[in-house]
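Participant: Have a look at this one before I ask anything.
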Amino acid sequence: MTYVKKTHRFGLLTPSSNTTQEPEFTAALPPTVSLHTGRVAYRNIDPEEQMRCVLELETESRKLADAEVDGIVFAATAPTLAKGRGYDRELIKRMEDASGRPATTAATAFVDALTLLGVEKISIGAPWSKVMDAPMVDFMQAHGFKVVHSEVVGFVAAIELGRVGPETAYELGRRADRPDADAIIMPGGNWSSMPVVDRLEQELGKPVLVNNAVSLWAGLRLLKRSDSIPGYGRLLRDHLAA
């Protein structure tokens, strides 16, 4: 086994039922960045679980601080926008106060990435139900993005979503696209969507932002990394150097 010195530690807060983020993050992170994970209780993609999982935010953030991570990303979209505009900033403050480390969320990452890319109109392709989709649409519109279309699959059990292959994400991305959308966003951290980003962007001719890629991007920006990471779309390939 070849030894590679780690220069940065990436702190990830993931739902307890998530089986996708750790493998995808590990595969995409630069060799000199190590991944360190905390878990918050979250089984079903529903409003009750959204509220339950943030109860452990401070506890898990403090645990990651024990590992002296350089930054923390709460990489779940739905729980980080559950109470509308500004809620993600409240969660960030809670994580930073508990850990003493810079932090961000998946919801914040979507807004920051869309802003950086100059996107105004979006289509949303989400794995969850229509009930869960309404807060996502409201959050995006509250930040000034026009949602021209929203498409869902209907998953409720997060563990079942984790068993879905990337073709489900690819097909949803195709269905969600609209000619007047500047970009497609695909929230949901427990499905394998990163492998199809390049393919969708090439076929649709526009940015495709998926939960795990934007969360990874946002975390690496906290770490002040300027890598170019190919294979997962233009955001990680072209927009870390900023």
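The values are calculated or read from the model by the stated rules, or taken from the named source; none is laboratory data. Given the structure is predicted, the values throughout are model-derived calculations rather than measurements. Every residue, glycine as well, gets a Cβ built from its backbone with ideal geometry; the counts of neighbours run over all protein chains shown. With ligands, DNA and RNA removed, areas are computed over all heavy atoms of the protein, side chains included. Shrake-Rupley method; radii C 1.70, N 1.55, O 1.52, S 1.80 Å.
Participant: Using a 1.4 Å probe and ignoring any ligands, DNA or RNA, find the accessible area of His36 and quote it in Å² to the nearest 10.
Facilitator: His36 exposes around 50 Å² with every protein chain in place.
Participant: Measuring from the lowest to the highest alpha carbon on each principal axis, how far does the range 136-242 reach, largest first, in angstroms?
Facilitator: Principal extents (largest minus smallest coordinate, Cα): 37, 32, 28 Å.
Participant: Please list, by residue number, everything in the range 55-71 whose backbone N is under 20 Å from a paramagnetic label point 7 Å out along Cα→Cβ of Ser16.
Facilitator: 55-65
Participant: Also, I was wondering about something else. Along each of its three principal axes, how wide is the spread of alpha-carbon positions in the range 46-93, in whole angstrom units, largest first?
Facilitator: The principal-axis extents, from largest down, are 31, 19, 14 Å.
Participant: Then there's this: Cα convex hull of the range 79-220: how many Å³ per residue?
Facilitator: It comes to 106 Å³ per residue, whole-number rounded.
Participant: Turning to a different aspect of this structure: State the percentage of accessible surface on the chain attributable to carbon and sulfur atoms; use a 1.4 Å probe and exclude ligands, DNA and RNA.
Facilitator: That fraction is 50 percent.
Participant: With a cut-off of at most 13 other beta carbons within 10 Å, and DSSP calling the residue loop, which chymotrypsin sites (Phe, Trp or Tyr not before Pro) in the range 1-66 qualify? Please list them.
Facilitator: Those satisfying the criteria are Tyr3.
Participant: How much area per residue is accessible in the range 1-130 when the probe is 1.4 Å and only protein heavy atoms are counted (Å²)?
Facilitator: 43 Å²
Participant: Also, quick follow-up: Under 5 Å between amide H atoms, partner at least 5 residues away or on a different chain: which partners does Ala126 have, H built in plane at 1.01 Å?
Facilitator: Glu151, Val152, Val153
Participant: Once the other residues with Cβ under 12 Å from the Cβ of Gly173 are scored (Lys, Arg +1; Asp, Glu -1), what is the net sum? Don't skip to the end; give the middle numbers.
Facilitator: On the way: positive: Arg174, Arg175, Arg178, Arg199, Lys206; negative: Glu151, Glu167, Glu171, Asp177, Asp198, Glu201, Glu203.
Net charge in that neighbourhood comes out at -2.
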